[in-house]
Amino acid sequence: LESGESLRVHGPNGSGKTTVLRLLCALVPPFAGEIRWNNAPIAQMGRAYHSRVLYLGHRNAIKEELTPLENLEFFFQTGSIPFDRGGAFDALKRLGISDAGNLPCRFLSEGQKRRVALARLVFPGRPLWILDEPCAALDTEAAGEVFSLIGAHLRRGGIAVLASPRDDVSGLPGGREFWLGRPC
């Protein structure tokens, strides 16, 4: 993929969509061949590659005992990114979760928890976004906001790879598709 392009990985449940995304994140090694970033094998790049990737799996990767704002702060600290409290609050507001900002995430609905995780997309900086069903548990309005964030990322020259059963993903700029067949 080139700057500004997206790839939708789709197929039936169990066909390997999440596995493909995990391969692209270097979370699992390929059985054969190699995956490259700027002509370098990602297996040899380590932190240099991981610092360029924003991965959001189908699980939200949030801490249930923390508030949404505290979860964003934790995300920034673990990624060695300076934390901007005002920007984090604005990100939560943009995704419609600021009203629940003082509640521990264990009290939020699945859709609200997903919005907390997706608030990471508001902060540019990582050129490669790998998103596993980013709109799972979201209503139409929130899904539209996510697609807006992805579109803005692509217009800035970013790259997005996402697994999604939603047909509206195919309308993203520079969109390509990769279909996985039947599950084994």
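The values are calculated or read from the model by the stated rules, or taken from the named source; none is laboratory data. The model shown is predicted, which means the values in this text are computed figures rather than measured ones. Virtual Cβ from ideal backbone geometry, glycine too; neighbours counted across all protein chains shown. The protein model used for the area step is the full one, side chains on, heavy atoms only, and it has no ligands, DNA or RNA in it. Shrake-Rupley method; radii C 1.70, N 1.55, O 1.52, S 1.80 Å.
Return yes when Ala26 is in a loop (DSSP other than H, G, I, E, B) and without any contact (Cβ under 8 Å) to a residue 40 or more places away in the chain and no when it is not. It would help to see each step written out before you state the result.
On the way: in a loop (DSSP other than H, G, I, E, B): yes; without any contact (Cβ under 8 Å) to a residue 40 or more places away in the chain: yes.
It is true that Ala26 is in a loop (DSSP other than H, G, I, E, B) and without any contact (Cβ under 8 Å) to a residue 40 or more places away in the chain.
Condition check ((1) in contact with a Ser or Thr (Cβ under 7 Å, 6 or more places away or on another chain); (2) at pLDDT 95 or above; (3) more than 21 Å from Leu7 (Cα to Cα); (4) in a helix (DSSP H, G or I)) across all residues:
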{"position": "Lys93", "(1), (2), (3), (4)": "no, no, yes, yes"}
{"position": "Gly96", "(1), (2), (3), (4)": "no, no, yes, no"}
{"position": "Asn102", "(1), (2), (3), (4)": "yes, no, yes, no"}
{"position": "Arg114", "(1), (2), (3), (4)": "no, yes, yes, yes"}
{"position": "Arg120", "(1), (2), (3), (4)": "no, no, no, yes"}
{"position": "Pro124", "(1), (2), (3), (4)": "no, no, no, no"}
{"position": "Ala136", "(1), (2), (3), (4)": "no, no, no, no"}
{"position": "Ala143", "(1), (2), (3), (4)": "no, no, no, yes"}
From the list Leu21, Leu54, pick out the single residue that is in a helix (DSSP H, G or I), under 30 Å from Pro104 (Cβ atoms) and in contact (Cβ under 8 Å) with a residue 60 or more places away in the chain.
Leu21
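Looking at segment 73-131, which of the residues that are of a type in the set (Gly, Ala, Ser) and open to solvent by 60 Å² or more (accessible area, probe 1.4 Å) is farthest from Ala142 (Cα to Cα)?
Just the residues of segment 73-131 that are of a type in the set (Gly, Ala, Ser), to begin with: 79-80, 86-88, 91, 96, 98, 100-101, 109, 111, 117, 119, 125.
From what's left, open to solvent by 60 Å² or more (accessible area, probe 1.4 Å): 80, 125.
Numbers: Ser80: 28, Gly125: 22 Å.
Taking the candidates together, the pick is Ser80.
Give segment 132-144 a look and list any residue that's among the hydrophobic types (A, V, I, L, M, F, W, C) and either open to solvent by 40 Å² or more (accessible area, probe 1.4 Å) or closer than 18 Å to Glu64 by Cβ (or both), or say none.
Residues of segment 132-144 among the hydrophobic types (A, V, I, L, M, F, W, C): 135-138, 142-143.
Matches in segment 132-144: Ala136, Ala137.
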